[in-house]
Amino acid sequence: MISRLAVEIASLQLTNPTMLAAGILGMSGLTLNQVVEAGAGAVVTKSLGLKPRRGYPNPTVVQVEGGLLNAMGLPNPGVEHFAREIKSLDPLGAPMIVSIYASTPKEFGLLAKKALNTGAKGLELNVSCPHAKGVGAEVGQDSKLVKEIVREVKRSVEAPILVKLTPNVADITELAKAAEKGGADAITAINTVRAMAINIETAKPILGNKVGGLSGPAVKPIAIRCVYEIYETVEIPIVGCGGVTTWQDAVEFMQAGASAVQVGTAIATRGLAVFKEIIYGVEAFMKRKKIGNVKEIVGLSHRS
């Protein structure tokens, strides 16, 4: 891939600023390889826990205007099963970041050690799922707890640590500052927005869990605002996430302060070709603007 598109996120070397977001195609080595072959600069797995988790009953996903509403409930086979599965395959051609969730700092630390046995190059701490009881945003809305969690993980492992934050708070910058003080190497912003949908014929919530998380283009303005505010608050890199569908979206996130972007819902609507569409679009934009390196775009809106 063209070197001027290369970026570094918390010592992770990416050939381009696109990443697979957690929760999409990230539970098997075969699908992760497909994403890398499609052009992603890095991949993030679905969130893993210490033990297998079944998740919520159907329906777990519903299409709404502007995106997808999901309440999967963090289903996963557990970190040890994933480690056995991923080790049976050839190494990926891009950094693999394992997303992990837990309910306490101690549990996060233990899980982090096991997650690195999968061959992960870094970890993304999911402290922001808006619908999983006892984990996710229930712990990630407390800035003191976020700081403790990050500290415990940094004590437990030597690896780049990204912290994925929830937008479902009054001030996301407080969480970002807490993560940075705890030792986080980067921030991922944002996770899905707490939302729901109702079937007007039955007058009942559509999702099995009633409440889920909204993703896709509808949340992009919220994500852009969060990235912009976080950029003015912390010194560590930011990975933008939330509604990235086109190269224009990627550029907007980078101008707001993101060093890279994660792609999730767009894969369901546009397919894996979305990665190369974004990469080639960003490259063409750089040529037109006479920008020599993609890093020059990062935070541009703060300097203009």
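What is the order of Tyr228, Tyr101, fewest Cβ neighbours within 10 Å to most? Show your work: numbers first, answer last.
Numbers: Tyr228 21, Tyr101 28.
Taking fewest neighbouring Cβ atoms as first place, the list is Tyr228, Tyr101.
Quick one, can you get me the convex hull of the C-alpha atoms of the range 3-303 expressed as volume per residue in Å³?
In the range 3-303, the Cα hull volume divided by residue count equals 116 Å³.
Name the residue from Ala184, Tyr231, Leu116 whose Cα lies farthest towards the positive end of the charge dipole of the chain, charges +1 on Cβ of Lys and Arg and -1 on Cβ of Asp and Glu.
Most positive-ward Cα: Leu116.
Could you give the dipole magnitude of the range 1-151 about its Cα centre, charging the beta-carbon of Lys and Arg +1 and that of Asp and Glu -1, in debye to the nearest 20?
Result for the range 1-151 is approximately 440 debye, rounded to the nearest 20.
Can you give the % of DSSP beta bridges in the chain that are antiparallel, to the nearest 5? Before the final figure, lay out each step's value.
Working: 17 of 42 bridges.
Given both bridge residues lie in the chain, the antiparallel proportion sits at roughly 40 percent.
Could you give the length gained on full extension between Lys210 and Lys106, defined as 0.36 nm per residue of separation minus the Cα-Cα distance, in nm? Mind dumping the intermediate values first?
Values: separation 104, 0.36 × 104 = 37.44 nm, distance 3.05 nm.
That pair, Lys210 and Lys106, stretches by 34.4 nm at full extension.
Going through the cross-link list Lys51/Lys121; Lys164/Lys204; Lys114/Lys147; Lys114/Lys164; Lys177/Lys276; Lys113/Lys210, which pairs have a Cα-Cα distance over 23 Å in this structure? Spell out each step's value before the answer.
Numbers: Lys51/Lys121 21 Å; Lys164/Lys204 31 Å; Lys114/Lys147 21 Å; Lys114/Lys164 19 Å; Lys177/Lys276 33 Å; Lys113/Lys210 34 Å.
Table pairs above 23 Å Cα-Cα are Lys164/Lys204; Lys177/Lys276; Lys113/Lys210.
Which order results if Ser99, Ser28 are arranged by neighbouring Cβ count within 10 Å, fewest first?
Numbers: Ser99 25, Ser28 16.
Result, fewest neighbours first: Ser28, Ser99.
Have a look at Met254, Leu25, Gly41 and report the one farthest towards the positive end of the charge dipole of the chain, computed about the Cα centre with Cβ charges (Lys/Arg +1, Asp/Glu -1).
Leu25
If R0 is 35 Å, what FRET efficiency do you get for Lys287 and Lys181 from their C-beta distance, rounded to 0.05? Write out the running numbers ahead of the final one.
Values: r = 40 Å, r/R0 = 1.14.
Plugging the Cβ-Cβ distance into 1/(1 + (r/R0)^6) gives 0.30.
Using the number of other C-beta atoms within 10 angstrom as an exposure proxy, rank Ile230, Ile86, Ile291 with the fewest first. Each step should come with its number before you reach the end.
Values: Ile230 26, Ile86 21, Ile291 16.
Lowest to highest Cβ neighbour count: Ile291, Ile86, Ile230.
With a ≥ b ≥ c the root eigenvalues of the C-alpha gyration tensor of the range 1-118, is it rounded (a/c under 1.5), prolate (a/b larger than b/c) or oblate?
oblate
With +1 assigned to the C-beta of every Lys and Arg and -1 to the C-beta of every Asp and Glu, and no other charges, what is the dipole magnitude of the chain about the Cα centre in debye, to the nearest 20?
Result for the chain is approximately 260 debye, rounded to the nearest 20.
Since every read-out is calculated from the coordinates, none of them should be taken as a lab result. Only a predicted model underlies this, so the values are computations on that prediction, with no experimental measurement involved. Please note: Cβ atoms are built from the backbone with ideal geometry, for glycine as well, and neighbour counts cover all protein chains shown.
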